Amino acid sequence: MGDPHMFLVAGGDSEIGTSLAAHLRQRQRPVVVTTRRRDRVGADRTLLDLEGDLSRWDPPPGVTAAIICAAVARPADCAADPAMSARINITGTLALAERLIARGVYLLFLSACRVFDGLAPNMRADAPTAPVSEYGKQKARTEAALRAQIARGAPVGILRLAKVVSPQNSLLNDWVATLTAGKPIRPFHDMTMAPAPMNAVVRAIEALMADRATGVFQLSGPRDVTYEEVGRFLAERLGVDPELVVPSSVKKAGLPIAPVHTTLDSSALRERYGIVVPDAWEVLDAVLQS
C-alpha cells in the first residue's frame, strides 16, 4: 500500500526546505516543493511567490500536508526593510495558510525562538511571546493568527526552532575555510546559539506532518554557547592558532540586538517522538566530520 500522504514544502530553495525534501525522498515519501524562481519550475517543483497574488493559487493535486519554510529569515534583513519582509512573513504566509486550510491540507508553520525576548532560557511552548526584533515581531504576529485558526479546529501546527546547523551551513563552512587558510575570523561574543542538527529538524518536521499534529512544538539544543565559543571550538578541532579567533560585537556591527538565551523547551518532541538534540559540541563535531 502506498504512502497516504503527499507533502508540500513551500520554500524548497531554502536550506531547511532543500534538506527536508531530500530527507522525504530518501524515505520514499511523495513530495513536491515550491520555488519563486520560474527557471526552477519542474515536475516536482511548482511556482509560488509569497509577495504575489495568491487568490488563484492552489496546491498541487493530492497534497495532504504542507510546511511553510519560505520566509525572510535574517533578522538584519527584516530590520532593514520591515515593509517588504512583512509582506512575505505575515501577509503572504497567512494568505497561503488560508488557501491550504480551506482545502483541508494540514499546515506546519516554521517559527523561531525570536518570538521571545531571550532573557530566560528553556522557554516553554505556552509562554507568552515577547519579541524585541522586527523578525521576532513578524513571526509572533503570524503565530497569533495561526493559533486562532487552531482554536477554531484548523489542522495547523507551529514548530519553533533556534539555530539549525548542517554540513551545508555557509557560516560554519566559511569559518572552517578561513581558519584553515590561516586567516582570522571575527565571531560575536554577544550572540548565542543553541544548535540543533538538520537531521533532527527534518525528522521532527516529518513526524509532525505525518501525524497532522496541532499546537505549538519547539526544538533547540539544550544550552546556549556564544559564537565566539563556537569559533574557538572550531579552531581547537582544526588545530589552528586560537589567536585567529578575534571576538567582535553585534552592537558595533550595527546589527539587531541578539537574545541572551535561545534555548527552547523541547520536551514535547522528546516525549512524543524520541527526538533529542545533543550538546552543542557534539552537534558541531558531527558537522565537522561530515
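Values quoted throughout were computed directly from the atomic coordinates according to the rules given, and no laboratory measurement underlies them. Source: prediction; values computed, not measured. FYI the Cβ positions are ideal-geometry reconstructions off the backbone, even for glycines, and counts take in every protein chain you see.
Measure nothing fancy, just the Cα-based angle from helix 93-102's long axis to the longest principal axis of the chain, in degrees from 0 to 90, nearest 10. Orientation of helix 93-102: about 40 degrees from the principal axis. Using r as the Cβ-Cβ distance of ARG74 and ASP49, and R0 as 22 Å, what FRET efficiency do you calculate, to the nearest 0.05? Efficiency computed from Cβ-Cβ geometry: 0.75.
Listed by chain and number, the aspartates and glutamates placed with their C-alpha closer than 14 angstrom to that of LYS252 are ASP190; residues fewer than eight positions away on the same chain are left out.
With the Cα gyration tensor of region 40-167 in hand, give its eigenvalues times 5 under a square root as the equivalent ellipsoid semi-axes, listed largest first in whole angstrom.
So the three semi-axes of region 40-167 are 25, 18, 14 Å.
Zone of ALA145 (label point 7 Å along Cα→Cβ, backbone N under 14 Å): which residues in region 109-136? It comes to 109-110, nothing else. You can think of it this way: the chain between ASP81 and ASP39 has 12.5 nm of extra reach, that is 0.36 nm per residue less the Cα-Cα gap. With 0.36 nm allotted per residue and the present C-alpha distance subtracted, the ARG270-VAL246 stretch has 5.0 nm of extension available.
Altogether, the Stokes-Einstein calculation at 4 °C and 1.567 mPa s, with the Kirkwood radius of region 121-202 over Cα pairs as Rh, returns a diffusion coefficient of 81 µm²/s. Among rounded, prolate and oblate, which fits region 155-290 when a ≥ b ≥ c are the square roots of the eigenvalues of its C-alpha gyration tensor, a/c under 1.5 means rounded, and a/b larger than b/c means prolate? In terms of gyration-tensor shape, prolate.
Note on region 213-290: the C-alpha convex hull projects to 7.3 nm² when averaged across all orientations.
Quick one: if the Förster radius is 30 Å, what FRET efficiency do ALA22 and ALA102 give, using the C-beta to C-beta distance and rounding to 0.05? After rounding to 0.05, the efficiency reads 0.50. Each Lys and Arg adds +1 at its Cβ and each Asp and Glu adds -1 at its Cβ; summed about the Cα centre, region 176-256 shows a dipole of about 160 debye. With 0.36 nm allotted per residue and the present C-alpha distance subtracted, the GLN289-ARG237 stretch has 17.7 nm of extension available.
All other residues whose Cβ lies under 14 angstrom from that of ARG56 are scored, Lys and Arg at +1 and Asp and Glu at -1, for a net of -2. Relative to its Kirkwood radius, the Cα radius of gyration of the chain gives an Rg/Rh of 0.97.
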